[in-house]
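Remarks on the structure that follows.
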Amino acid sequence: MREKNKLTERAVAAEVVSSGFCPLDCDYCYIPKTSEMERMHGEIVEKLKTGEWMDQLEELYQDVEYLSFWGTEPLLILDEVNEQIDEVVERFGGLEQVSFSTSMCVDPSPIVELKEKLDEHDVRLDWQISADGHYTDENRIEGATEKIKNNLIKLGKMLEERGDELSVKWKGTISIDNIEKMAEDPEEIERYMEYYDEIRDEVVEETSGIDFENARKFPTLVVPGKYTSEDGEVLAKYLERMVEKGYLTTYTLRLKRVMRFEDELEEKPSMFSCSGGDSNFGMDEGNVHVCHRTFFHDRERYIQSIKDQEEYKNWDVSLFEKGIVDMEVENYMAKSGEDLIRFQYILRNFHDHWMLKLDNTKVMLIELAKCGQADEIYLEDEGLRELLALFLHSSHSCPVENLLNTSVVHFMPVSLIRLWSNGAFQELLKTLNDSFAERQDGIFVGGS
Ligand code: SF4
């Protein structure tokens, strides 16, 4: 029987804020780095140690099946999680998976104990390492690749001693600078792909405790970025190179998924939007967030420290200045009770309806094409316009970035529309092989 004043049964995944400091300062990170972060990190860890976060989860969720630890670098606090994991499993009987993402540039030892404890309870450990191919040191921090290799070997040996092993998953992010290099010189694409093989070869030479079997190398784009139509042409060139080399892309798979489940498009729009604010929510200090992307936005001292910075290091600091973050905190976060019903209602509007999203993007495409910021083909070809809009809202579905960049949760940032509408989408379609052409005309969803 559903308990009132809680999230609905659909909410089965919880993202918990777990760290507030990071030893890295990646170019594309959406978390502005300030001097306030060390103090904030200390505060977060002290709170985590109390176990109150489990009380807050119990207060909000019917049950938790997927638990993940977010913030800057969760590996810094995994020891604390290990102290509490038995209690977590006891309190959330439906727990199936625990996950985190890491730079793997700090001591990996706590992962061994976490794996052991979760195995005892038959709960899956799902983790990923952020590494951007041979651009890793350039994008993230000098020496990152060496640290990742050494920490993987260390972790592997510790697991091997226990007759255990772990599979690796890579999370690669590429900036427009990286894409430009690969567009200009196809050998750069090979170097990107070979990077992961080189790490694998060096690690498996030292230990059998790390498995690279299913480690995918496909990168994702920095989103939403501040892309120009020229950047769009660069992405088109890069995709053309990928097609020449016969490489698929993450976005090929995302578009194929829309094709494969086209019959569900009308009935189940939420099947094609991200899980944030649908089956998955973030939780910090009893505040419910759409997801991890808005963590720290409701921490006044940290936000003030960003505004007080003399020189801005991070491109999205303007969001804090313009009051957009204030609007987000006021309207797109909630505490338990009445407010939670309002919060879930507005997010259902995002997940359950296509028309406003698609129509807005189609109009933007026409306006951009009229002023030379998108390919003219989007003025004439209604089918392609419709398909690109559908692709953008299924492959780049992010209510938080929409909100932060347009102030409307349904509207796609113009940066991403420009990125894909200057030839890149047509190149992407080539990676879908012949079967695509036959079915193009049949894919319309709602709208005018
Ligand atoms: S896509 Fe955006 S809203 Fe969804 S989980 Fe990711 S950051 Fe959050």
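The values are calculated or read from the model by the stated rules, or taken from the named source; none is laboratory data. Only a predicted model underlies this, so the values are computations on that prediction, with no experimental measurement involved. Using ideal geometry, Cβ is built from the backbone for each residue, glycine included, and neighbour counts are taken over all protein chains shown. Just so you know, the surface numbers come from the protein's heavy atoms only, side chains and all, with ligands and any DNA or RNA stripped out. Shrake-Rupley method; radii C 1.70, N 1.55, O 1.52, S 1.80 Å.
Against the test of being at pLDDT below 95 and touching a Leu at 6+ places or on another chain (Cβ under 9 Å), the options Y247, Y251, Y227 yield a single qualifying residue, Y251. Screening E438 on (1) away from the ligand (no atom under 14 Å from the Cβ); (2) surrounded by 23 or more Cβ atoms within 10 Å (Cβ to Cβ); (3) modelled with pLDDT under 95 shows it passes everything except condition (2).
Selection within the range 265-278: residues that are more than 13 Å from the ligand (Cβ to nearest atom) and closer than 28 Å to L95 by Cβ. The member of this set that is least open to solvent (accessible area, probe 1.4 Å) is M271. Counting only helices (runs of 4 or more DSSP H) that sit completely within the range 335-422, those holding 2 or more residues that are within 15 Å of the ligand (Cβ to nearest atom) correspond to 338-352, 382-395, 399-406, 414-420. If you take the residues of the range 279-300 that are in a loop (DSSP other than H, G, I, E, B) and near the ligand (Cβ under 9 Å from one of its atoms), which of them is surrounded by the fewest Cβ atoms within 10 Å (Cβ to Cβ)? Only one residue tops the list, namely C291.
When you check S175 against the structure, is it open to solvent by 70 Å² or more (accessible area, probe 1.4 Å), touching a helix residue (DSSP H, G or I) at 6+ places or on another chain (Cβ under 7 Å) and among the hydroxyl-bearing types (S, T, Y), yes or no? Judged against the criteria, S175 is not a match. Being within 14 Å of A13 (Cα to Cα), touching a residue at least 40 places away in the same chain (Cβ under 8 Å) and in contact with a strand residue (DSSP E or B) (Cβ under 7 Å, 6 or more places away or on another chain) is a description that does not apply to L95. Scanning the range 63-114 for residues that are in a helix (DSSP H, G or I), open to solvent by 20 Å² or more (accessible area, probe 1.4 Å) and among the hydrophobic types (A, V, I, L, M, F, W, C) yields L76, V89.
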